[in-house]
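Enquirer: Pasting in a structure now, in structure tokens, and then I'll have a few things to ask.
Taken together, the values in this text are just the output of simple stated rules run on the coordinates, not laboratory data. The shown structure was predicted, so the numbers you read here are calculated from the model rather than taken from an experiment. Backbone-built Cβ (ideal geometry, glycine too); neighbour counts: all protein chains shown.
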Amino acid sequence: MIDQFLDKLTDWTTDRGRDLIFTLLFVIIALKLAKHFVRVLGRSFERSKIDKSVSGFLQSLIKWALYTVVLITAASMLGFQVTSLVTLLGTAGLAVGLGLQGSLANLAGGFLILTMKPFKVGDYIIENDKGCEGTVISIDIFYTKLRTIDNRIVIIPNGNITNCSLVNLSAEGVRRVNTVIPVAYASDLALVRSTLLSCVSRNSFVSRDETPEIFVKNFGDSAIEMGVRFNVKNDDFWKASWEFNETVKNEFDAKGIVIPFKQVEVTMKDK
């Protein structure tokens, strides 16, 4: 049996000698071109500042896809029937895809994030599906990682991010502090307004390019709610808010402006 196999192999090699040489040359040249293409693609990824892990995964995926095409083409040049092989690969790919629907959705979501760029590393975002929010510290192939204000790491599947709305609070470079300060109904509104304006102007983080807004927002059950809006840099949002609240409390105490708290009055009537 071995002798017969060797005889058939010799005959096939003799008959296909020219095709074998051409196919070998094709494989060598095609593989070199594929490697060169992958290197050029890698340099373009570096210029576009794509995450290294994502860049490496994409290069590996494209490289093996090109290698598969080269090998199938080489087999076809040698006279092999590749139709059944392609069908088998397609069936296997479909089975794997059905088994990994969630992972493929996250992978597709990662591609969409890298392509559409709704946010980037360093942005502060709020994901509206589960209410997760924080600073983006990495965009991986399948997941995006956020760091919350209290230094927790939140890992969100990319498929969830691309399938729901989100708020990018860092997109415009500045962020608006929008707060409400309650004051007693007996308060002098002119004095309250000037005091709040003074507190904003004294804040070391406030942007001087726009005029702050101070207005009566609502009449509550036990207080007049004064709305205050002013712009700060993204990185200074929380520091500006905390400093403003502390300044307001000190100034209101100094000027006798009352910040009421919810309370219930009970009136006793004699029968």
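Enquirer: Taking Rh as the Kirkwood radius computed over C-alpha pairs, what is the Stokes-Einstein D of the stretch 174-255 at 25 °C in a medium of viscosity 0.890 mPa s, expressed in µm² per second? The partial results should precede the final answer.
Expert: Numbers: Rh = 12.9 Å.
This corresponds to a translational diffusion coefficient of 190 µm²/s.
Enquirer: Let me ask something else about it. Using the Cβ atoms and a cut-off under 15 Å, what net charge is assigned to the surroundings of Lys32, where Lys and Arg are +1 and Asp and Glu are -1? Kindly include the intermediate steps, with their values, before the conclusion.
Expert: Details: positive: Lys35, Arg39, Lys63; negative: none.
Charge balance near Lys32 sits at +3.
Enquirer: If you average the alpha carbon positions of the stretch 114-150 and of the stretch 244-259, how far apart do those two centres end up, in angstrom?
Expert: 37 Å
Enquirer: Further question on the same structure: Counting only other residues whose beta carbon sits under 14 Å from that of Glu210, what net charge do I get with K and R as +1, D and E as -1?
Expert: On the way: positive: Arg175, Arg176, Arg208, Arg229, Lys233; negative: Glu172, Asp209, Glu213.
Net of charged neighbours comes to +2.
Enquirer: Still on this structure: Anything over 29 Å Cα to Cα? Flag those among Lys63/Lys120; Lys217/Lys269; Lys130/Lys233; Lys239/Lys262; Lys117/Lys233; Lys145/Lys217, in the order listed. Don't skip to the end; give the middle numbers.
Expert: Details: Lys63/Lys120 27 Å; Lys217/Lys269 36 Å; Lys130/Lys233 26 Å; Lys239/Lys262 27 Å; Lys117/Lys233 21 Å; Lys145/Lys217 37 Å.
From Lys63/Lys120; Lys217/Lys269; Lys130/Lys233; Lys239/Lys262; Lys117/Lys233; Lys145/Lys217, over 29 Å: Lys217/Lys269; Lys145/Lys217.
Enquirer: Give the residue list of chymotrypsin sites (Phe, Trp or Tyr not before Pro) in the stretch 235-271 that are DSSP loop and have at most 13 other beta-carbon atoms within 10 angstrom. It would help to have the intermediate numbers written out before the result.
Expert: Details: sites: Phe237, Trp238, Trp242, Phe244, Phe252, Phe261; in loops: Phe261.
For chymotrypsin sites (Phe, Trp or Tyr not before Pro) across the stretch 235-271 that sit outside H, G, I, E and B with at most 13 neighbouring Cβ atoms in 10 Å, the list reads Phe261.
Enquirer: I'd like the FRET efficiency for Asp235 and Glu265, computed as 1/(1 + (r/R0)^6) with the beta carbon distance as r and R0 of 30 Å, rounded to 0.05.
Expert: On the way: r = 45 Å, r/R0 = 1.50.
E between Asp235 and Glu265, to the nearest 0.05, is 0.10.
Enquirer: Further question: Run the quick spin-label model on Val69 and Glu210: label points 7 Å from Cα toward the beta carbon, then report their separation in nm to one decimal.
Expert: 4.9 nm
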